[in-house]
Amino acid sequence: MSEINYAKQNPHAILPNLSDGSYGQELSIAATYSTQNALYVDDKEQRRLLRKIDLRIMPLVTIFYLCSFLDRINIGNAKIAGLTEDIDMLESDYNIALSIFFVGYIVAELPSSMLLNRLGPKIWISVILVMWGIVMAAMGAVQNGTDLIVARFFLGVAESSLTPSILLYLSVWYTKSELSKRVAIFLASSTLAGVSAYGIVHMDGYQGLHGWQWIFILEAIPPIAMGIVSYIALPGFPEQTTFLTDREREIFRYRMKMDAIAHKTDIEDDSPEQGFSWTPIISALTDWKTYAFGFTCACTLTDVYCIGMFLPSIVRDLGYTNTLVAQLMTVPPNAIASLFSILNSISADHSMQRCLHTVVPSLVAAIGYALLIGLNGQNITAHYIAVTVAVCGASAALPAFTSWFMTSFAGRKKRASAIAIITGIGNIGGIVSGQIYRASDAPRYVHGHTASLVLILFTAIFSFAIRIALRRLNYRREELTVEERHAILTDRSSSRLGDKVTNLSWLENSIYTILTHH
């Protein structure tokens, strides 16, 4: 029975494990599916396993990211709670403190992300959560601008690995068609940041501390606590964890193999036990997609970080002069943006058109920024709606774009390297974002809105350009002759190509995977 016909008649069957042998024998074996040793999986079993993974992993990573986002942007809330006035800090020093965080982030991101594969998520994520919680608590004791700048640098170093680690971790546990909505869910947790700051500012004067000091001190407690929880409750990688039963592990492998075949990618073949290798790092560094996605990511993240750090100031300068009210009024735009992001990501997963779901929200954000630039007068409601539109668009573009580049690199170690490099380049946007919105531009912030408009348009343009480049690359690969494809499949060195051979047919990729695994 041919492989294709067997697959059609037995949609729940998985390829049996193949023994080693000559290339000719393996090709012959790969040409047909043997029903012997095949695994049959009921749809209910798959749904039950996915639900089990969701309930164990998603609440944890969502809380981790919320802690990270709180500690990353709470400086904006601290500012309107009196930080700069209480420590007599210059505006220029404040903007340096905003940007220096991302210098530390970029410097430490790649090496720290490599430790995830080495130590595993349970240990490494626990360590970084505790480290940045300690640094955050220390920020409550800063006395001047220099203290704050130094603390922010080390906060960036401590936090640098969390987001790329979570992205890699999710890409290992979920199929490509499941990623976008889950990325959107954990990113959407940032909505709660404004709520916590609103509550904490009420403690101004308690125990002789200012409200901004309580923001830093109290928001340091959750990451330290979650570091302990992570070590106890976070599953390791699928091949290591005791979280899955033997049957569930088989079903998990089945899901990932079927996903690899369906999307014409190679099956994961570089588990942590294989040790350190420079090959996937060099492969990621020499792949043009890394830099194309990285530059686009920088444009996107600049807008996202501007929203996170300056939204409280922008809202306050719209006319909500009461500090507590200004804090609270940042919540509705973020809440609406979170809902829009999740809906956009669900659509992206369903259609598998991640470029489209990056471009459209980017254009929505551009409309919002254009309205903010063009609006005149004292119409607070119109400005507030325009702010909400801009926040919705920029926030919704990020999860779809993130899941796009997460699934564009094959092999766990190369993907880990690529994600770290892309987010490292992207976080240059964090350095830039600290200089875009100046207090001297208040209350309309025309220069800041104009820069954000240009950058979000760049996101749309570059995303479309990447899509065109990938389509042309796919077309050229489809034009390979039989001899050229056979040369790739039978060359042992092609095991290093990873995603470079992902555009062979799914049948050829199955054979390729067999050859490179034995």
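The values are calculated or read from the model by the stated rules, or taken from the named source; none is laboratory data. Keep in mind it's a predicted model, so treat the numbers as computed, not measured. Cβ: placed from backbone, ideal geometry, glycine included. Neighbour counts: every protein chain shown. Ligands, DNA and RNA are excluded from the accessible area calculation, which covers all protein heavy atoms including side chains. Shrake-Rupley method; radii C 1.70, N 1.55, O 1.52, S 1.80 Å.
Which order, highest average first, do 223-233, 362-372 follow once you tally other Cβ atoms within 10 Å for each residue and take the mean per peptide?
Details: 223-233: 17.5, 362-372: 21.8.
By packing density, highest mean first, the sequence is 362-372, 223-233.
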Check your understanding: Hey, any idea what % of segment 383-456's accessible area is carbon plus sulfur with a 1.4 Å probe?
Key -> 73 percent
Check your understanding: Counting only heavy atoms of protein chains, what accessible area per residue, in Å², does segment 119-173 have with a probe of 1.4 Å?
Key -> 28 Å²
Review point. Assuming R0 = 22 Å, what is the FRET efficiency of Val454 and Leu375, from their Cβ-Cβ distance, to the nearest 0.05?
Key: 0.75
Revision key, fill the gap. For 159-169, 206-216, ranked highest to lowest by mean beta-carbon neighbours within 10 Å, the order is 159-169, 206-216
Exercise for review: Can you tell me how much longer the chain between Arg247 and Ala465 gets when fully stretched, taken as 0.36 nm per residue apart minus their C-alpha distance, in nm with one decimal?
Suggested key: 74.1 nm
**Study point:** Extension reserve of the Ala233-Thr279 stretch, reckoned as 0.36 nm per residue once the Cα distance is removed
**Key:** 13.3 nm
Practice item. Beyond 25 Å between alpha-carbons counts as too far, so tell me which of Lys79/Lys122; Lys122/Lys176; Lys44/Lys413; Lys122/Lys289; Lys181/Lys413; Lys176/Lys289 fall in that bin. Key: Lys79/Lys122; Lys44/Lys413; Lys122/Lys289
Practice item. Order the peptides 83-93, 109-119 from the highest to the lowest mean number of other Cβ atoms within 10 Å of their residues. Key: 109-119, 83-93
Point to revise | Residues of segment 321-463: accessible area per residue with a 1.4 Å probe, Å² | key: 35 Å²
Revision key, fill the gap. Scalar couplings 3J(HN,Hα) for segment 236-251 by Karplus 6.51 cos²θ - 1.76 cosθ + 1.60 (θ = phi - 60°), nearest whole Hz, x for Gly and Pro, are x, 5, x, 6, 10, 6, 8, 5, 9, 6, 4, 5, 5, 5, 5, 5
**Study point:** Cut-off 20 Å, label 7 Å out along Cα→Cβ of Val150, residues of segment 208-231 by amide N
**Key:** 213, 216-217
Revision key, fill the gap. A correct Karplus calculation of ³J(HN,Hα) over segment 217-223, with 6.51 cos²θ - 1.76 cosθ + 1.60, θ = phi - 60°, whole Hz and x for Gly and Pro, returns 5, 5, 7, 8, 5, x, x
